[in-house]
Amino acid sequence: MMKRTLFLLVIATVISCNKKQAAPSREDLELTLKIFNEAFEKGNVEKLDQLITENYSHTNGSWKAFGKNKWLEYMRKRRARLENGELQLSIYRMDDLNIEMNQASAFVTGKIVMVGIENNDPFKREIRVSNLWVIEDGEWKRAGFHDTQIE
């Protein structure tokens, strides 16, 4: 009887360890987007590094596409500008959020609104964004980004 109980316990443990974890949900992605946008607004480079893939691709109307290291370098410079007051944001938010879910990825579009002061000049910018998010190691990570300035 003891051997049988032990055998069933071992089998149950093996089965529970081999069960697939549930894929991250839309709600998980929405939370990750919130965390990402807060990290971007504040210049939290360490958090952003955790939230993008190793083969991350970033592009916009101003530059050719570039990868993770160059983007993180840009973010470090941006953080320094936030810290020394050259760049001050009073509003940074994502509007018009649309998420198209796929099995292991999602295509996210929206509008970013930024209001603040840059080099002592007030500004208001709006950009349309497209993001590719993928599930990597059980978590959502941004794999691609593109933006276009709204006139």
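Some points to look at:
- Among (1) among the aliphatic types (A, V, I, L, M); (2) out of contact with any helix residue (DSSP H, G or I) (no Cβ under 9 Å at 6 or more places or on another chain); (3) modelled with pLDDT of 95 or more - the single one L48 does not satisfy: (2)
- Any hit, the stretch 131-144, residues being touching a Gly at 6+ places or on another chain (Cβ under 7 Å) and in contact (Cβ under 8 Å) with a residue 12 or more places away in the chain: yes
- Index of the failed condition, T59 passing every other in (1) among the hydroxyl-bearing types (S, T, Y); (2) closer than 22 Å to K42 by Cβ; (3) touching a residue at least 40 places away in the same chain (Cβ under 8 Å): (2)
- Test: residue in the stretch 101-123 that is within 21 Å of E27 (Cβ to Cβ) and hydroxyl-bearing (S, T, Y): yes
The values are calculated or read from the model by the stated rules, or taken from the named source; none is laboratory data. Small disclaimer: the values here were computed from a predicted structure and weren't measured. All Cβ positions, even for glycine, are placed from backbone atoms using ideal geometry, and neighbour counts span all protein chains on display.
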